[in-house]
1. Name the most mobile residue of R154, R71, R144, meaning the one with the largest mean-square fluctuation, in a Gaussian network model of the chain with Cα contacts below 10 Å.
2. Dipole of the chain (Lys/Arg Cβ +1, Asp/Glu Cβ -1, origin at the Cα centre): which of A172, A66, H116 lies farthest to the positive side?
3. Dipole size in debye (nearest 20) for the stretch 49-182 around its Cα centre, Lys and Arg Cβ +1, Asp and Glu Cβ -1?
4. Could you give the longest part of the chain that holds none of the GluC sites (Glu not before Pro) found in DSSP loops with at most 13 neighbouring Cβ atoms within 10 Å?
5. Could you tally the net charge around L190, taking each other residue with its Cβ under 11 Å from the Cβ of L190, Lys/Arg +1 and Asp/Glu -1?
6. Give me the net charge of V25's neighbourhood, meaning all other residues with Cβ under 12 Å from the Cβ of V25; Lys, Arg count +1, Asp, Glu -1.
7. Roughly how compact is the chain, stated as its Cα Rg over 2.2 N^0.38 Å to two decimals?
8. List the equivalent ellipsoid semi-axes of the stretch 1-88 in whole Å, largest first, each obtained as the square root of 5λ for an eigenvalue λ of the Cα gyration tensor.
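Every read-out reported here was derived from the displayed coordinates using simple, explicitly stated rules and does not represent laboratory data. In this text the structure is predicted, and so the values were computed from the model without any measurement. With ideal geometry, Cβ positions are generated from the backbone for all residues, glycine too; neighbour counts draw on all protein chains shown.
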Amino acid sequence: MTRVYGEDGRARAGTILAAGPVTVVQVKDVAGDDGYSAVQIGYGSRKAARVGKAVLGHTGGKGYEALREFRTQDSGALAVGATFNAGVFSVGDEVQVSGLSKGKGFAGVVKRHGFHGGPRTHGQKHSEREAGSIGGSGGRAGGRVAKGMRMAGRLGHDRVTVKNLEILAIDADAGEIIVSGAVPGARGTLLEIISA
C-alpha cells in the first residue's frame, strides 16, 4: 500500500496493483455452441511442462498462470489474441476487485466471530476466550446444537469482493495501477479487476 496526493493536497491510501497484460484466449457468443456471451482471458506465463495437454491445446501452446472467464453483453468486438494492459483504465474510474483473502488457519470464536468471551472474574478460570453455552437441553434447539452455530474453525481464504474502488493513478509503461483503499489477499495474490 502507499499514499497518493490529489490535486487538492489531500493524501489518500491506495494499493499498487500489477494490471496485465492479459490475452484473449477464447470468445464465446450466444449463437455458438456455448449459448452465452463471454470472453476468456489468460494472465501471466508458466512453463509448458507444468501445464496439462488439454489446456495447452486450448490456449494454442501457451502456458498461462491463470485463465478466467467473464460474461459480456457483446463479445463480437473482441478477437482471440487481443491483449489488454493497464491502459484500458483511466484515472477516476470505479472498479471492483475480487480475490482470496489471507488464510489465518484455525481460529477461536473471539477472533473469528468477534465474541467478547467470558467475565474475567466471578469464579472463572482459564475461560476468558471460550464460546460459552452452545445449546443444551430445553433450549431453543430442543436439546441439540442448532445448525449454523458460530464456533471455532478455519478463518480466511475466502473469495472477497471489494466494490467502488477508485483508480487514483496509472503507470501504463510499468503495467501498474493504484486503487483507493485495500484489496483482499497478501502480496502476490491473483486478483480480478473489473470496471464497475
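1. R144
2. H116
3. Numbers: 19 positive and 12 negative charges, 273 e Å.
With Lys and Arg at +1 and Asp and Glu at -1, about 1320 debye.
4. Details: sites that count: E7, E65, E128.
In the chain, the maximal stretch lacking such sites is 129-196.
5. Details: positive: R68; negative: E65, E192.
In short, -1.
6. Numbers: positive: K28, K62, R68; negative: E69.
Here the count lands on +2.
7. 1.44
8. Numbers: eigenvalues 208, 76, 18 Å².
Working through the eigenvalues yields semi-axes of 32, 20, 9 Å.
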